[in-house]
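Okay, so here's the structure we're looking at.
The values are calculated or read from the model by the stated rules, or taken from the named source; none is laboratory data. Fair warning: this is a prediction, and the values are worked out from it, not measured in the lab. Using ideal geometry, Cβ is built from the backbone for each residue, glycine included, and neighbour counts are taken over all protein chains shown.
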Amino acid sequence: MAPLAALFDSHFQERQTVLNGKAFLRWWITNIPLMFMALVLAVIAWMVAVEESDPTVEDVFPQTIPVTCSPLPDSLVLVGSGQDNIIAQVRVTLRAPQSVWDTLTADDFVAQVDVTGLNAGHHELPVQVTVKKQPARIVRIDPTRITLELQSEVERAVPVQVTIQGKPTLGYLTRTPIVTPREVVVHGPRSYVEQVTSAVVQVSVQDASTDVEGTYRLRLVDADKQVVPYVRTTTDEVEVQVPIELSVYYRPLVIKVVLEGQFASGYRITDISVDPPSVTVFGAPNVIAALPGYIETAPINLDGVQDDVIARPALIVPPDVSLVLDEQPVVRVSIDPILSSLTRVITPEIQGLGPGLTATVSPTTVEMIVSGPMPLLDSLQPEATRVVLNLRDLSAGVYQLEPQAIVPVGVTAQGVNPATVQVEITAVPTSTTTLREKREEGE
């Protein structure tokens with residue numbers, strides 16, 4: 001009986017162990033959904049807590065993002081690309097925590113289209129946008145695709161053309177412009193380079209009486225003088241010189257005021273002004289060449305005057321010569337009370353004339369009005385008052401210059417009549433032929 005009882009107990013224990021294992025398994029099966037739900041609730045609670053402290057925001061980034069393209073295939077150029085290879089701008093909608101939004105800038109985005117392996121032509125390509133800061137997710141790109149045009153890059157030399165604007169001073173002519181360089185090389189897409197016919201610069205010569213020189217910006221234009229886009233040159237600027245020459249049929253002459261009579265004792269002339277100070281005449285070349293560098297007014301009578309005199313005297317026009325504009329100058333003779341004054345006729349002194357040059361002054365003498373104390377003027381020696389013409393750094397040509405009055409201390413130079421004189425500078429002839437003989441030979 002003892003072995004049978006032991007066998008029975010062993011069997012009972014084994015059965016009890018099996019029953020306990022099934023109960024444990026049944027417990028797990030029963031409670032797994034509850035444990036999973038608890039885990040989900042814990043994750044949700046954590047996400048809610050995070051969201052409350054740093055909420056996720058989905059919005060359009062306020063700045064547009066510049067789009068660039070990948071490196072272009074050899075010998076191709078992108079038509080219409082802007083500075084830094086920017087081809088378009090897109091707007092981006094993204095989803096990111098508020099803490100990321102607070103630090104985002106346009107530099108945190110990279111927008112690009114891939115042109116690898118493409119040939120010349122039009123291509124519609126998707127825009128690829130990435131954001132450097134995480135966590136952030138691109139939700140939308142507007143536009144999503146961009147159309148590009150690729151063309152072969154070529155170059156061609158085109159001439160530089162100078163367009164003259166305005167007119168020089170009456171009696172002057174413009175000559176053929178001198179431009180450096182005379183042609184430039186144009187680079188860009190083939191279809192646009194082929195439209196370029198010239199590189200144009202605009203130079204104004206309005207009212208010029210001397211050569212116009214400077215650096216000017218180029219414009220690349222087509223046959224209709226319209227600017228061609230998407231092309232560039234090896235240089236953006238050129239040097240231009242437009243020669244301005246005096247016409248042989250015209251000549252400017254300074255106006256010399258002729259005064260007569262004696263103003264009231266104890267008064268002086270303080271200034272003589274003429275408006276305009278010169279006039280332009282025209283006529284046959286030989287007649288024009290023979291004229292002096294001035295034209296006189298009809299005499300203005302100053303007998304007994306004690307105040308300023310304003311007059312419109314006629315001009316004494318030489319025979320066979322006409323005024324370009326039929327006008328009478330306005331002459332103002334300023335007269336003030338003085339202790340004493342006097343007028344001296346002086347031959348201007350030439351200073352600073354370069355070697356190998358000679359100068360002819362017209363008129364050959366000028367009137368200098370000086371004032372000061374009577375005793376000082378009575379003892380004033382002729383050599384004490386001088387009129388100087390400074391010709392330093394002047395080359396051959398015709399100039400209208402203002403004489404410089406030089407007087408001793410205590411004496412005041414009130415004015416020089418005429419206020420400007422004509423100075424003709426010429427090179428000293430190397431042969432015995434005189435200048436007049438050369439002119440006669442030329443005529």
>> Please verify whether Ile244 is in contact with a strand residue (DSSP E or B) (Cβ under 9 Å, 6 or more places away or on another chain), surrounded by fewer than 18 Cβ atoms within 10 Å (Cβ to Cβ), modelled with pLDDT of 90 or more and of a type outside the set (Asp, Glu), treating the condition exactly as stated.
In response: yes
> Just to be sure, is Leu220 in contact (Cβ under 8 Å) with a residue 24 or more places away in the chain, under 30 Å from Glu183 (Cα atoms) and buried (at least 19 other Cβ atoms within 10 Å of the Cβ)?
Replying inline: yes
> Of the residues that make up segment 146-156, is at least one over 30 Å from Val127 (Cα atoms) and either of a type outside the set (Gly, Ala, Ser) or in contact with a His (Cβ under 8 Å, 6 or more places away or on another chain) (or both)?
Replying inline: yes
> Just checking, how many residues over segment 390-410 are among the hydrophobic types (A, V, I, L, M, F, W, C), free of Cβ contacts under 8 Å to residues at least 40 places away in the same chain and either in contact with a Cys (Cβ under 7 Å, 6 or more places away or on another chain) or not in a loop (DSSP other than H, G, I, E, B) (or both)?
Replying inline: 3
> Which residue, of Asp207, Asp224, is assigned to a loop (DSSP other than H, G, I, E, B), more than 23 Å from the chain's Cα centre (by Cα) and not assigned by TED's automatic domain parsing to the domain that holds Leu78?
Replying inline: Asp224
> Can you name the number of the only condition in (1) more than 44 Å from the chain's Cα centre (by Cα); (2) hydrophobic (A, V, I, L, M, F, W, C); (3) modelled with pLDDT of 90 or more that Leu376 fails?
Replying inline: (3)
> Any idea which residue in segment 126-142 is surrounded by the most Cβ atoms within 10 Å (Cβ to Cβ), counting only those that are among the polar types (S, T, N, Q) and part of a strand (DSSP E or B)?
Replying inline: Gln128
>> Looking only at segment 250-269, count every residue that is surrounded by fewer than 18 Cβ atoms within 10 Å (Cβ to Cβ) and either polar (S, T, N, Q) or at pLDDT 85 or above (or both) and tell me the total.
In response: 5
> How many residues are free of Cβ contacts under 8 Å to residues at least 12 places away in the same chain and either aliphatic (A, V, I, L, M) or in a loop (DSSP other than H, G, I, E, B) (or both) when one looks only at segment 353-389?
Replying inline: 3
> Can we say Pro408 is surrounded by fewer than 19 Cβ atoms within 10 Å (Cβ to Cβ), at pLDDT below 90 and not assigned by TED's automatic domain parsing to the domain that holds Val257?
Replying inline: no
> Among Val77, Val90, which is part of a strand (DSSP E or B), within 30 Å of Ser152 (Cα to Cα) and touching a residue at least 60 places away in the same chain (Cβ under 8 Å)?
Replying inline: Val77
> Which one of these does Pro313 not meet: (1) modelled with pLDDT of 85 or more; (2) assigned to a loop (DSSP other than H, G, I, E, B); (3) in contact with a helix residue (DSSP H, G or I) (Cβ under 8 Å, 6 or more places away or on another chain); (4) not polar (S, T, N, Q)?
Replying inline: (3)
> Do you know which residues across segment 317-352 are within 26 Å of Thr270 (Cα to Cα), among the hydrophobic types (A, V, I, L, M, F, W, C), exposed (fewer than 13 other Cβ atoms within 10 Å of the Cβ) and touching a residue at least 24 places away in the same chain (Cβ under 8 Å)?
Replying inline: none
>> Is it the case, given these coordinates, that Pro97 is more than 30 Å from Ser191 (Cα to Cα) and exposed (fewer than 13 other Cβ atoms within 10 Å of the Cβ)?
In response: no
>> Take the residues in segment 265-316 that are in contact (Cβ under 8 Å) with a residue 60 or more places away in the chain and over 43 Å from the mean Cα position of the chain (by Cα); name whichever of them is nearest to Thr360 (Cα to Cα).
In response: Asn286
>> Just to be sure before I move on: is Thr235 at pLDDT below 90, out of contact with any helix residue (DSSP H, G or I) (no Cβ under 8 Å at 6 or more places or on another chain) and more than 19 Å from Glu153 (Cβ to Cβ) in the structure I sent?
In response: no
>> Suppose we keep only residues that are assigned to a strand (DSSP E or B) and either acidic (Asp, Glu) or in contact with a Cys (Cβ under 7 Å, 6 or more places away or on another chain) (or both) within segment 229-264. Which one would you say is farthest from Asp307 (Cα to Cα)?
In response: Glu237
